[in-house]
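Inspection log for the structure reproduced underneath, given as structure tokens.
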Number of protein chains: 2
Amino acid sequence: MIPSTILETYHPNLKTFSKDAIIFNETEMPRYYYQLKSGKVKMFNLTENGKVFTQGFFEKNTSFGEPPLFGSFPYPASAMCLEDCEVYVLEKKVFLNLLKAHPDVHLKFTKLLCNRMLYKAKIMKELSIHPPEHRILTLLHHLKDSANTEGLFEVKLTRQQISDLTGLRVETVIRAIKQLEKTKKLILKQRKVYI
Amino acid sequence: MIPSTILETYHPNLKTFSKDAIIFNETEMPRYYYQLKSGKVKMFNLTENGKVFTQGFFEKNTSFGEPPLFGSFPYPASAMCLEDCEVYVLEKKVFLNLLKAHPDVHLKFTKLLCNRMLYKAKIMKELSIHPPEHRILTLLHHLKDSANTEGLFEVKLTRQQISDLTGLRVETVIRAIKQLEKTKKLILKQRKVYI
DNA sequence: ATATTTGTATGATTTGAATCATAAAATAAC
DNA sequence: GTTATTTTATGATTCAAATCATACAAATAT
């Protein structure tokens, strides 16, 4: 995320997208840097048979879809608005110039990418070697950690969304959550999950 | 990877590790930048019950284990030498100073990280929504692509290594490969896999 | 040249998550 | 306030990959 003081000097385009709008599609070539001013965005893959795999969520004041800007690769996933969104848009070339001119921003940026990388490495391990309950628990703890809140954390995802994030079926998620409650790994209150 | 002309001016320590040596361990805090001069390194996770998940392989002239240098996170995986290795070692602080002093190196570095990121995103999708055969095929194609060779590519991995990279059992890998041969997705000659 | 270890192969069985079927709660829409 | 839709819930069944058990081939060591 680029601080607004710096971003503004590069005259970004402020675009609005309504709920469910697609900002970019998988396999499309990247042309812009996107920074979310308001709203919520989901990055996801869609398969032949209509299955969804969610790579991640992005909240306001974060950028998304940057990695392919640095290579000559298409987007590895699609971005969809979960709410109405306002997005700062910067041309790829302008964005790369900005980084060159602001080494401190570039470094912060690298840090961000590295954190996401570490998260992906963690999730990959989970996906391949751990059973459903463990996978869900890791996801929930990650959400809690990145929310950085005190005390009990309310998970604001539906079972289906957890399903899309973990690659498990909804029924499996529901059963695993019940089991996790029994073993006191989380708290269930009026169907809401707390951790 | 830092060009040797630049790297040398920072007086890196050239360390040698023998086959099977551990360069760093999962959960350890990162203190150094590592760049492989010769040999081969594997990044992996080990689970409670002795299962292995391989995050990736690193050949000579590549750096590894950089992401945690940018945060205050421990290594998400361990690094082991698959052969005798020579490794350039630079202190974290020196490495970060180098990047600050050489924006072009920093940018190339970001590109590298982004490419790895895209690969991880791809693999995550595979792991979660695609069946074994597809998973193996994607891995093999990725290996071929990154080898960047002409024509038929020989996969120099054992079935067990493919197992560790895909999170599938050896027997499953063997059976899937046979099936992939039948459907002409790859070529099997004297037990060697070509693609 | 033979023994040992490592890698490949295959059949039989088990198991755990996906799938199928169906319904009740909770929310949103009208 | 009623209807429609989405989310949560649960039991029954299926199925594909893991596991188990063994054996054979190939590479390495002695």
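The values are calculated or read from the model by the stated rules, or taken from the named source; none is laboratory data. Remember, predicted model here, so these are calculated numbers, not experimental data. Heads up, the Cβs are rebuilt from the backbone with ideal geometry, glycines too, and the neighbour counts pull from every protein chain shown. Protein only, heavy atoms only, side chains kept; ligands, DNA and RNA dropped before computing areas. Shrake-Rupley method; radii C 1.70, N 1.55, O 1.52, S 1.80 Å.
Restricting attention to the stretch B:95-104, the residues being more than 9 Å from chain A (Cβ to nearest Cβ), open to solvent by 10 Å² or more (accessible area, probe 1.4 Å) and among the hydrophobic types (A, V, I, L, M, F, W, C) number 1. Scanning the stretch B:19-45 for residues that are among the aliphatic types (A, V, I, L, M) and either under 17 Å from A:ILE123 (Cβ atoms) or open to solvent by less than 40 Å² (accessible area, probe 1.4 Å) (or both) yields B:ALA21, B:ILE23, B:LEU36, B:VAL41, B:MET43.
Under the condition of being in a helix (DSSP H, G or I) and more than 13 Å from DNA strand C (Cβ to nearest atom), which residue from the stretch B:145-170 is most open to solvent (accessible area, probe 1.4 Å)? By that ranking, first place goes to B:ASP145. In the stretch A:172-187, is there at least one residue being open to solvent by 20 Å² or more (accessible area, probe 1.4 Å), away from DNA strand D (no atom under 11 Å from the Cβ) and within 14 Å of chain B (Cβ to nearest Cβ)? No, the stretch A:172-187 has no match at all. For first residues located in the stretch B:57-78 and part of a loop (DSSP other than H, G, I, E, B), partners that are among the hydroxyl-bearing types (Ser, Thr, Tyr) and lie 6+ apart or on another chain with Cβ distances below 6 Å form the pairs B:LYS60/B:SER38; B:GLY65/B:TYR34; B:PRO74/B:THR27. Close Cβ contacts (under 6 Å, 6 or more residues apart or on different chains) running from residues in the stretch A:121-137 that are over 17 Å from B:MET43 (Cα atoms) to residues that are open to solvent by 20 Å² or more (accessible area, probe 1.4 Å) and basic (Lys, Arg) comprise A:LEU137/A:LYS185.
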